[in-house]
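A.B. asks: Here you go, one structure.
The values are calculated or read from the model by the stated rules, or taken from the named source; none is laboratory data. As the structure is a prediction and not an experimental result, all values here were calculated from the model. Because the Cβ atoms are built from the backbone with ideal geometry, glycine has one as well, and the counts that use them run over all protein chains shown. Quick note on the areas: whole protein, heavy atoms, side chains included, nothing else; ligands and nucleic acids left out. Shrake-Rupley method; radii C 1.70, N 1.55, O 1.52, S 1.80 Å.
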Amino acid sequence: TYTGYPLVKEARQMVRAGKLGKIRKVFVEYPQGWLSTAAEKSGNAQASWRTDPKQSGMGGAIGDIGTHAANLAEYITGNKITEVCAMLNTVVKGRNLDDDSSMLLRFDNGASGILMATQVAAGEENNLNIRIYGEQGGLEWRQMEPNTLVVKWLNRPMEIIRAGQGYLTDHTKSFTRTPAGHPEGYLEAFANIYRAFSRAVRDFKPGKKVNYEKYDFPDVEDGVRGMNFVQTVVKSATSNKKWVPLKDI
(Lines give C-alpha, C1' and ligand atoms only; values in the text may rest on other atoms or scores of the structure.)
Protein backbone atom coordinates (compact mmCIF):
# COMPACT_ATOMS: atom_id res chain seq x y z
CA THR A 1 0.00 0.00 0.00
CA TYR A 2 2.63 2.51 1.04
CA THR A 3 4.44 2.33 -2.30
CA GLY A 4 1.38 4.08 -3.78
CA TYR A 5 2.10 7.42 -2.09
CA PRO A 6 3.40 10.06 -4.55
CA LEU A 7 6.37 11.13 -2.42
CA VAL A 8 7.46 7.53 -1.90
CA LYS A 9 7.67 7.35 -5.67
CA GLU A 10 9.58 10.64 -5.74
CA ALA A 11 12.06 9.26 -3.20
CA ARG A 12 12.53 6.20 -5.36
CA GLN A 13 13.10 8.36 -8.45
CA MET A 14 15.74 10.40 -6.59
CA VAL A 15 17.63 7.29 -5.53
CA ARG A 16 17.42 5.79 -9.01
CA ALA A 17 18.76 9.00 -10.54
CA GLY A 18 21.81 8.72 -8.26
CA LYS A 19 21.12 12.00 -6.47
CA LEU A 20 22.04 10.54 -3.07
CA GLY A 21 24.99 8.57 -4.40
CA LYS A 22 25.48 4.94 -3.42
CA ILE A 23 23.12 3.98 -0.61
CA ARG A 24 24.93 3.17 2.63
CA LYS A 25 22.42 3.05 5.49
CA VAL A 26 18.69 2.39 5.91
CA PHE A 27 16.58 2.90 9.02
CA VAL A 28 12.96 1.82 8.75
CA GLU A 29 10.46 1.41 11.56
CA TYR A 30 6.78 0.74 12.00
CA PRO A 31 5.61 1.35 15.58
CA GLN A 32 1.98 0.76 16.53
CA GLY A 33 0.41 0.65 19.97
CA TRP A 34 -2.99 -0.95 19.46
CA LEU A 35 -1.90 -4.42 20.72
CA SER A 36 -0.30 -3.13 23.91
CA THR A 37 -2.95 -5.09 25.82
CA ALA A 38 -4.55 -8.47 25.12
CA ALA A 39 -7.19 -7.00 22.78
CA GLU A 40 -7.70 -10.42 21.19
CA LYS A 41 -9.29 -11.61 24.42
CA SER A 42 -11.86 -8.82 24.57
CA GLY A 43 -13.71 -9.45 21.31
CA ASN A 44 -11.53 -7.39 18.97
CA ALA A 45 -11.86 -9.30 15.67
CA GLN A 46 -8.86 -7.58 14.06
CA ALA A 47 -6.66 -8.57 16.99
CA SER A 48 -8.06 -12.11 17.16
CA TRP A 49 -7.01 -13.30 13.72
CA ARG A 50 -3.70 -11.43 13.75
CA THR A 51 -2.58 -13.17 16.93
CA ASP A 52 -3.84 -16.63 15.94
CA PRO A 53 -1.15 -18.71 14.19
CA LYS A 54 -3.85 -20.90 12.61
CA GLN A 55 -5.09 -17.85 10.69
CA SER A 56 -2.06 -15.56 10.57
CA GLY A 57 0.74 -18.07 10.07
CA MET A 58 4.11 -17.96 11.81
CA GLY A 59 4.44 -14.17 11.97
CA GLY A 60 2.59 -11.74 14.22
CA ALA A 61 3.79 -8.14 14.11
CA ILE A 62 6.53 -9.10 11.66
CA GLY A 63 3.95 -10.49 9.24
CA ASP A 64 1.37 -7.78 9.76
CA ILE A 65 3.57 -4.66 9.60
CA GLY A 66 7.21 -5.77 9.37
CA THR A 67 6.62 -6.84 5.78
CA HIS A 68 5.50 -3.29 4.94
CA ALA A 69 8.70 -1.84 6.38
CA ALA A 70 10.90 -4.30 4.48
CA ASN A 71 9.00 -3.73 1.24
CA LEU A 72 9.28 0.04 1.57
CA ALA A 73 13.04 -0.16 2.14
CA GLU A 74 13.56 -2.33 -0.93
CA TYR A 75 11.17 -0.28 -3.08
CA ILE A 76 12.80 3.11 -2.46
CA THR A 77 16.42 1.96 -2.49
CA GLY A 78 16.08 -0.50 -5.34
CA ASN A 79 18.29 -2.85 -3.33
CA LYS A 80 17.30 -6.28 -2.03
CA ILE A 81 17.70 -7.43 1.56
CA THR A 82 20.12 -10.37 1.49
CA GLU A 83 20.50 -11.26 5.18
CA VAL A 84 18.72 -10.61 8.46
CA CYS A 85 19.78 -10.87 12.09
CA ALA A 86 16.53 -10.76 14.02
CA MET A 87 15.02 -10.73 17.50
CA LEU A 88 11.32 -11.44 18.02
CA ASN A 89 9.49 -10.79 21.29
CA THR A 90 6.04 -11.63 22.62
CA VAL A 91 5.49 -8.87 25.17
CA VAL A 92 1.84 -9.37 26.12
CA LYS A 93 1.48 -12.43 28.35
CA GLY A 94 -0.43 -15.32 26.80
CA ARG A 95 -0.14 -14.07 23.20
CA ASN A 96 0.70 -16.79 20.68
CA LEU A 97 2.69 -14.75 18.15
CA ASP A 98 5.31 -12.03 18.22
CA ASP A 99 4.12 -8.47 18.90
CA ASP A 100 7.54 -6.82 18.81
CA SER A 101 10.62 -7.18 16.60
CA SER A 102 14.02 -5.65 15.91
CA MET A 103 16.61 -6.68 13.35
CA LEU A 104 19.77 -5.84 11.48
CA LEU A 105 19.73 -5.95 7.68
CA ARG A 106 22.27 -6.42 4.91
CA PHE A 107 21.52 -5.30 1.35
CA ASP A 108 22.85 -6.58 -1.96
CA ASN A 109 24.76 -3.33 -2.65
CA GLY A 110 26.71 -3.57 0.62
CA ALA A 111 24.46 -1.21 2.61
CA SER A 112 23.38 -2.04 6.13
CA GLY A 113 20.10 -1.31 7.84
CA ILE A 114 17.96 -1.51 10.94
CA LEU A 115 14.28 -2.51 10.92
CA MET A 116 11.92 -2.26 13.87
CA ALA A 117 8.27 -3.35 13.82
CA THR A 118 6.25 -3.36 17.02
CA GLN A 119 2.59 -3.30 17.99
CA VAL A 120 3.16 -2.67 21.69
CA ALA A 121 4.49 0.91 21.46
CA ALA A 122 1.71 2.43 23.56
CA GLY A 123 0.37 5.67 22.12
CA GLU A 124 1.58 5.09 18.57
CA GLU A 125 -0.84 4.90 15.65
CA ASN A 126 0.58 3.90 12.23
CA ASN A 127 3.93 5.64 12.43
CA LEU A 128 5.71 3.96 9.52
CA ASN A 129 8.80 6.00 8.71
CA ILE A 130 12.03 5.56 6.80
CA ARG A 131 15.43 7.26 6.56
CA ILE A 132 17.88 6.43 3.79
CA TYR A 133 21.44 7.74 3.55
CA GLY A 134 23.80 7.71 0.59
CA GLU A 135 27.23 9.16 -0.15
CA GLN A 136 25.88 12.64 -0.95
CA GLY A 137 22.78 12.96 1.21
CA GLY A 138 19.79 11.35 2.83
CA LEU A 139 16.02 11.43 2.79
CA GLU A 140 13.25 10.95 5.31
CA TRP A 141 9.55 10.14 4.81
CA ARG A 142 6.80 9.53 7.36
CA GLN A 143 3.50 7.83 6.55
CA MET A 144 1.58 10.01 8.99
CA GLU A 145 2.85 13.13 7.17
CA PRO A 146 2.86 11.70 3.62
CA ASN A 147 2.86 14.98 1.70
CA THR A 148 6.37 15.87 2.93
CA LEU A 149 9.72 14.41 1.91
CA VAL A 150 12.79 15.74 3.73
CA VAL A 151 16.09 15.64 1.82
CA LYS A 152 19.35 16.33 3.67
CA TRP A 153 22.46 17.13 1.61
CA LEU A 154 26.10 16.72 2.52
CA ASN A 155 27.25 20.17 1.36
CA ARG A 156 24.11 22.26 0.94
CA PRO A 157 20.97 23.19 2.88
CA MET A 158 18.22 20.72 3.65
CA GLU A 159 15.22 20.65 1.28
CA ILE A 160 11.55 20.14 2.03
CA ILE A 161 9.75 18.54 -0.93
CA ARG A 162 5.97 18.69 -1.01
CA ALA A 163 3.38 16.69 -2.93
CA GLY A 164 1.49 18.26 -5.82
CA GLN A 165 4.26 20.64 -6.86
CA GLY A 166 5.48 21.28 -10.41
CA TYR A 167 9.09 20.43 -9.60
CA LEU A 168 8.33 16.74 -9.01
CA THR A 169 9.25 14.13 -11.61
CA ASP A 170 6.73 13.29 -14.31
CA HIS A 171 6.42 9.78 -12.88
CA THR A 172 5.44 11.16 -9.48
CA LYS A 173 2.99 13.60 -11.06
CA SER A 174 1.24 10.74 -12.82
CA PHE A 175 0.40 9.29 -9.38
CA THR A 176 -0.67 12.62 -7.84
CA ARG A 177 -4.42 13.09 -7.41
CA THR A 178 -4.94 16.29 -5.43
CA PRO A 179 -3.69 19.90 -5.72
CA ALA A 180 -0.80 20.98 -3.53
CA GLY A 181 -1.84 21.50 0.08
CA HIS A 182 -4.69 19.01 -0.04
CA PRO A 183 -4.12 15.74 1.85
CA GLU A 184 -2.85 12.95 -0.42
CA GLY A 185 -3.48 9.96 1.76
CA TYR A 186 -3.97 6.28 2.41
CA LEU A 187 -7.00 5.71 0.19
CA GLU A 188 -5.35 7.53 -2.72
CA ALA A 189 -2.32 5.24 -2.32
CA PHE A 190 -4.60 2.21 -2.68
CA ALA A 191 -6.24 3.81 -5.70
CA ASN A 192 -2.87 4.45 -7.35
CA ILE A 193 -1.99 0.76 -7.07
CA TYR A 194 -5.39 -0.35 -8.37
CA ARG A 195 -5.18 2.04 -11.32
CA ALA A 196 -1.67 0.94 -12.24
CA PHE A 197 -2.77 -2.70 -12.14
CA SER A 198 -5.89 -2.03 -14.22
CA ARG A 199 -3.79 -0.27 -16.84
CA ALA A 200 -1.55 -3.31 -17.12
CA VAL A 201 -4.61 -5.55 -17.49
CA ARG A 202 -6.05 -3.35 -20.24
CA ASP A 203 -2.72 -3.27 -22.09
CA PHE A 204 -2.17 -7.01 -21.80
CA LYS A 205 -1.82 -9.02 -25.00
CA PRO A 206 -1.36 -12.82 -25.08
CA GLY A 207 2.29 -13.75 -25.39
CA LYS A 208 3.51 -10.26 -24.44
CA LYS A 209 5.44 -9.92 -21.19
CA VAL A 210 4.18 -7.17 -18.91
CA ASN A 211 6.81 -4.54 -18.01
CA TYR A 212 6.03 -3.95 -14.34
CA GLU A 213 8.46 -1.03 -14.19
CA LYS A 214 6.28 0.88 -16.64
CA TYR A 215 3.14 0.48 -14.55
CA ASP A 216 4.74 0.50 -11.08
CA PHE A 217 2.58 -1.71 -8.89
CA PRO A 218 3.47 -4.58 -6.53
CA ASP A 219 3.17 -7.96 -8.22
CA VAL A 220 2.79 -11.53 -6.97
CA GLU A 221 6.56 -11.89 -6.60
CA ASP A 222 6.57 -9.01 -4.10
CA GLY A 223 3.92 -10.84 -2.11
CA VAL A 224 5.86 -14.10 -2.12
CA ARG A 225 9.02 -12.22 -1.14
CA GLY A 226 7.14 -10.78 1.84
CA MET A 227 6.25 -14.28 3.01
CA ASN A 228 9.87 -15.34 2.47
CA PHE A 229 10.93 -12.37 4.61
CA VAL A 230 8.66 -13.50 7.48
CA GLN A 231 9.99 -17.05 7.31
CA THR A 232 13.61 -15.85 7.28
CA VAL A 233 13.09 -13.52 10.25
CA VAL A 234 11.46 -16.27 12.31
CA LYS A 235 14.30 -18.64 11.40
CA SER A 236 16.89 -16.06 12.48
CA ALA A 237 15.11 -15.31 15.75
CA THR A 238 14.74 -18.97 16.72
CA SER A 239 18.13 -20.33 15.69
CA ASN A 240 21.67 -20.12 17.00
CA LYS A 241 22.84 -18.86 13.62
CA LYS A 242 21.66 -15.28 13.80
CA TRP A 243 22.57 -14.07 10.30
CA VAL A 244 20.22 -15.91 7.96
CA PRO A 245 20.17 -15.32 4.18
CA LEU A 246 16.99 -14.02 2.59
CA LYS A 247 17.05 -15.90 -0.68
CA ASP A 248 15.51 -14.31 -3.74
CA ILE A 249 12.63 -16.05 -5.48
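A.B. asks: Mind ordering 2-15, 197-210 by average Cβ neighbours within 10 Å, highest first?
C.D. replies: In descending order of packing, they fall as 2-15, 197-210.
A.B. asks: Another question, then. Just for the chain, what percent of DSSP beta bridges are antiparallel, to the closest 5?
C.D. replies: If I count the DSSP bridges inside the chain, around 85 percent turn out antiparallel.
A.B. asks: Let me ask you something else. Taking Cα atoms, how many degrees apart are the long axis of helix 6-16 and the longest axis of the chain, rounded to 10 and kept between 0 and 90?
C.D. replies: Compared with the principal axis, the helix lies near 80 degrees.
A.B. asks: In addition: Taking a 19 Å limit on the Cα-Cα distance, which of the listed pairs Lys25/Lys80; Lys173/Lys209; Lys9/Lys173 fall beyond it?
C.D. replies: With Cα atoms farther than 19 Å apart: Lys173/Lys209.
A.B. asks: Holding the Cα-Cα limit at 23 Å, pick out from Lys152/Lys242; Lys152/Lys214; Lys54/Lys93; Lys22/Lys208 the pairs that are longer than that.
C.D. replies: Lys152/Lys242; Lys152/Lys214; Lys22/Lys208
A.B. asks: Segment 81-138 to segment 6-22: how many Å between their Cα centroids?
C.D. replies: One Cα centre to the other: 21 Å.
A.B. asks: How large is the Rg to Rh ratio of segment 57-134 when both quantities use alpha carbon positions and Rh follows Kirkwood?
C.D. replies: That ratio equals 0.99.
A.B. asks: Once the Cα atoms of helix 220-238 and of the chain are each reduced to a long axis, what angle between those two axes, in degrees from 0 to 90 to the nearest 10, is obtained?
C.D. replies: Once rounded, the angle reads 40 degrees.
A.B. asks: Right, another one. Take the Cβ-Cβ distance between Ser112 and Ile160 as r, set R0 to 25 Å, and report the resulting FRET efficiency rounded to the nearest 0.05.
C.D. replies: Taking R0 as 25 Å, the efficiency between Ser112 and Ile160 is 0.40.
A.B. asks: Using only the Cα atoms of segment 84-128, what are the Rg and Dmax in Å?
C.D. replies: When restricted to Cα atoms, segment 84-128 yields Rg and Dmax of 12.9, 41 Å.
A.B. asks: Using only alpha carbon pairs under 8 Å that are at least six residues apart, calculate the relative contact order of segment 149-249 and give it in whole percent.
C.D. replies: 14 percent
A.B. asks: Roughly speaking, to the nearest percent, how much of segment 1-56's 1.4 Å accessible area is carbon and sulfur?
C.D. replies: Of all accessible area on segment 1-56, carbon and sulfur atoms account for 47 percent.
A.B. asks: Please provide three numbers in whole Å: the alpha-carbon extents of the chain along the principal axes, with the largest listed first.
C.D. replies: 52, 43, 41
A.B. asks: Could I ask something else about it? So how strong a dipole does the chain carry about its Cα centre when Lys and Arg Cβ are +1 and Asp and Glu Cβ are -1, to the nearest 20 debye?
C.D. replies: Magnitude of the dipole: close to 620 debye.
A.B. asks: Accessible area per residue, 1.4 Å probe, Å², for the chain: what's the number?
C.D. replies: Value for the chain: 51 Å² per residue.
A.B. asks: Could I ask something else about it? Please give the length that would be gained between Arg142 and Ser48 if that part of the chain were fully extended, namely 0.36 nm times their separation in residues minus their C-alpha to C-alpha distance (nm, one decimal).
C.D. replies: So the extension gain works out to 31.0 nm.
A.B. asks: Moving to a separate point now. Please list 44-53, 102-111 highest first by mean number of surrounding beta-carbon atoms within 10 Å per residue.
C.D. replies: In descending order of packing, they fall as 102-111, 44-53.
A.B. asks: In addition: In Å, the Kirkwood hydrodynamic radius of segment 172-232 over pairs of distinct alpha carbons?
C.D. replies: Across segment 172-232, the inverse of the average 1/r is 13.6 Å.
A.B. asks: Starting from the exponent 0.38 and prefactor 2.2 Å, build the expected Rg for segment 110-249 from its residue count and divide its actual Cα Rg by it.
C.D. replies: For segment 110-249, the normalised Cα radius of gyration comes out at 1.30.
A.B. asks: Only bridges whose two residues both fall in segment 20-132 count here: according to DSSP, what percent of them are antiparallel, nearest 5?
C.D. replies: Among the beta bridges of segment 20-132, antiparallel pairing accounts for roughly 75 percent.
A.B. asks: Sticking with this structure for a sec: Suppose we look only past 16 Å in the calculated P(r) of segment 1-79. What percent of the Cα-Cα pairs does that tail hold?
C.D. replies: Looking at segment 1-79, the distances longer than 16 Å represent 61 percent of pairs.
A.B. asks: Sticking with this one: Mind putting a number on the dipole of segment 97-215 about its Cα centre? Charges go on the C-beta only, +1 for Lys and Arg and -1 for Asp and Glu, and I need it in Debye to the nearest 20.
C.D. replies: 860 debye
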